[in-house]
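Undergrad: If you scroll down you'll find the structure; I have some questions about it.
The values are calculated or read from the model by the stated rules, or taken from the named source; none is laboratory data. Predicted model, so just to flag it, every value in this text is computed and none were measured. A quick note on method: Cβ atoms are made from the backbone with ideal geometry, for glycine too, and the neighbour counts reach across all protein chains shown. The accessibility values were calculated without ligands, DNA or RNA, using every heavy atom of the protein model including side chains. Shrake-Rupley method; radii C 1.70, N 1.55, O 1.52, S 1.80 Å.
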Amino acid sequence: MSRALTIGDLTAPIPVIQGGMGVGVSLSGLAGHVARCGGIGIISTAQIGYQEPGFDAHPIETNLKAIAKQIKRAREIAQGGIVGVNIMVATKNYGAYVQAAVKAGVDLIISGAGLPTLLPSLVEKSRTKIAPIVSSIKSASVICKLWDRKYKRCPDLVVIEGPKAGGHLGFSYQELETITSEAYEAEIQGIIKLVGQYSEKYSRHIPVVVAGGIYDGNGLRHALSLGADGVQAATRFVTTYECDASDAYKQAYIQATKEDIQIVKSPVGMPGRAIRNAFTQKPQEVRPQNWKCHQCLEKCSQKDIPYCITDALINAVKGNLDQGLIFCGENAWRAERLEHVADIMEEFAKAAY
């Protein structure tokens, strides 16, 4: 038997969480199949209702309805497997998104892009498990200490997201250029040690999973050797038949070379990792300047940013790549073909023995 990932009363037979990818890359299709195959499937709530009627006029209300719809669909596919959501702290009306997911009975909420300081208060008296995403010993210490002091509780799970991850990154440009794998492994072990102190205090094991650059069984084995309980992997699942993105989006990964993976400056001011394409190469002044705000992020000033991140991500996931931002992890170039989720999960299961 492979090593399972246990989060309180939830047990995933294979210690793999499929990372949340938005907009629209990991919805019910991908998350449901990963859960069905023994992992934990994660739906991204970032503009989750973009395909629904009413989104342009009422994006937040439409997204909140779509959360319940996507969780229900994923559960039908999962056949008893574990289904979670990723909700960015930076999301406008963050609390309403969390409460919508809890009301829909989601198993797990993973939350990053900021420290989820209010998350425990939003899931009170529910069975939903909560997990912060951290990138350093410092951020792990801050969130564990705050939850302990303010809510008398600890995380149910901790996700450590490293510098090789996709999408928005919790590192400065300088850190991304200078941090070594060895230095970051020491950081991972430091976070695991810190979380262990809270495990002792609360007399329960708090599992820690490693994310960012995990692509195959070797990545899982290495994470386990560092003392982690499992991994979160996202990029590998994009090039699956079950992924919710368009075929053109998946082909962009398959066709990308190592040199095509680049760090870009997101319009919200954070560094991000994406595939070099016509959009990322466009001079700032020729990108669309006037657009309707889709109410995605709490701190977004339309007059101060070069383009709309929602429009760029929706264009990409729909296959309009020349007008789209294709977020990816460092290892996206390794994709050579479309695969089935079941085959990837079998590879991870063998690595977890």
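Undergrad: Look at residue 307 and say whether it is touching a Ser or Thr at 6+ places or on another chain (Cβ under 7 Å), assigned to a loop (DSSP other than H, G, I, E, B), surrounded by fewer than 22 Cβ atoms within 10 Å (Cβ to Cβ) and modelled with pLDDT under 95.
TA: no
Undergrad: Right, another one. With respect to residue 56, determine if the residue is surrounded by fewer than 22 Cβ atoms within 10 Å (Cβ to Cβ) and within 24 Å of residue 126 (Cα to Cα).
TA: In short, no.
Undergrad: Just name the residue that is least open to solvent (accessible area, probe 1.4 Å) out of those in the range 2-29 that are within 16 Å of residue 217 (Cα to Cα) and touching a Pro at 6+ places or on another chain (Cβ under 8 Å).
TA: Checking each candidate, the answer is 5.
Undergrad: Determine which single condition residue 23 fails, assuming it passes every other condition in (1) assigned to a loop (DSSP other than H, G, I, E, B); (2) modelled with pLDDT of 95 or more; (3) of a type in the set (Val, Ile, Thr).
TA: (2)
Undergrad: In the range 123-139, which residues are over 25 Å from residue 12 (Cα atoms), without any contact (Cβ under 8 Å) to a residue 40 or more places away in the chain and not charged (D, E, K, R)? Don't jump to the end; show me each part of the working.
TA: Just the residues of the range 123-139 that are over 25 Å from residue 12 (Cα atoms), to begin with: 136-139.
Pick out the ones that are also without any contact (Cβ under 8 Å) to a residue 40 or more places away in the chain and you get 138-139.
Scanning the range 123-139 gives a single hit, 139.
Undergrad: Here are the criteria: (1) at negative phi; (2) surrounded by fewer than 21 Cβ atoms within 10 Å (Cβ to Cβ). Tell me which single one residue 125 does not satisfy.
TA: Residue 125 satisfies all of (1) at negative phi; (2) surrounded by fewer than 21 Cβ atoms within 10 Å (Cβ to Cβ) except (1).
Undergrad: Here's something else I'd like to know. Out of (1) out of contact with any strand residue (DSSP E or B) (no Cβ under 8 Å at 6 or more places or on another chain); (2) free of Cβ contacts under 8 Å to residues at least 40 places away in the same chain; (3) over 19 Å from residue 44 (Cβ atoms), the odd one out for residue 216 is which?
TA: Of (1) out of contact with any strand residue (DSSP E or B) (no Cβ under 8 Å at 6 or more places or on another chain); (2) free of Cβ contacts under 8 Å to residues at least 40 places away in the same chain; (3) over 19 Å from residue 44 (Cβ atoms), only one is false for residue 216: (2).
Undergrad: Out of 111, 139, 172, which single residue is within 27 Å of residue 23 (Cβ to Cβ) and surrounded by fewer than 16 Cβ atoms within 10 Å (Cβ to Cβ)?
TA: 172
Undergrad: Taking into account only those residues within the range 179-205 that are aromatic (Phe, Trp, Tyr) and more than 18 Å from residue 232 (Cβ to Cβ), which is least open to solvent (accessible area, probe 1.4 Å)?
TA: My answer is 198.
Undergrad: Would you mention how many residues in the range 216-243 are among the small types (Gly, Ala, Ser) and outside any helix (DSSP H, G or I)?
TA: 5
Undergrad: Within the range 33-51, take every residue that is farther than 16 Å from residue 313 by Cβ and outside any strand (DSSP E or B) and give me the one that is most open to solvent (accessible area, probe 1.4 Å).
TA: Checking each candidate, the answer is 36.
Undergrad: Restricting to the range 244-274, what's the tally of residues that are in contact (Cβ under 8 Å) with a residue 12 or more places away in the chain, within 13 Å of residue 334 (Cβ to Cβ) and outside any loop (DSSP other than H, G, I, E, B)?
TA: So the count comes out to 5.
Undergrad: Go through the range 311-353 and count every residue that is open to solvent by 50 Å² or more (accessible area, probe 1.4 Å), closer than 29 Å to residue 59 by Cβ and not in a helix (DSSP H, G or I).
TA: Qualifying residue count for the region: 1.
Undergrad: Moving on to the next point. Of all residues in the range 235-277, which are of a type in the set (Ser, Thr, Tyr) and open to solvent by less than 50 Å² (accessible area, probe 1.4 Å)?
TA: 235, 239, 240, 246, 249, 253, 266 - these are the residues of the range 235-277 that are of a type in the set (Ser, Thr, Tyr) and open to solvent by less than 50 Å² (accessible area, probe 1.4 Å).
Listed here are the residues, each with its yes/no results for (1) crowded, with 23+ Cβ neighbours inside 10 Å; (2) free of Cβ contacts under 8 Å to residues at least 60 places away in the same chain; (3) in contact with a helix residue (DSSP H, G or I) (Cβ under 6 Å, 6 or more places away or on another chain); (4) charged (D, E, K, R).
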| position | (1), (2), (3), (4) |
| --- | --- |
| 31 | yes, yes, yes, no |
| 68 | no, yes, no, no |
| 77 | no, yes, yes, no |
| 85 | yes, no, yes, no |
| 98 | yes, yes, yes, no |
| 107 | yes, no, no, yes |
| 115 | no, yes, yes, no |
| 121 | no, yes, no, no |
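Undergrad: Find the residue count for the range 88-131, including only residues that are within 21 Å of residue 31 (Cα to Cα), touching a Gly at 6+ places or on another chain (Cβ under 9 Å) and among the aliphatic types (A, V, I, L, M).
TA: Final tally of qualifying residues: 9.
Undergrad: So, one more: Please verify whether the range 28-37 includes one or more residues that are over 20 Å from residue 4 (Cβ atoms) and touching a Phe, Trp or Tyr at 6+ places or on another chain (Cβ under 9 Å).
TA: The answer is yes, given that some residue of the range 28-37 is over 20 Å from residue 4 (Cβ atoms) and touching a Phe, Trp or Tyr at 6+ places or on another chain (Cβ under 9 Å).
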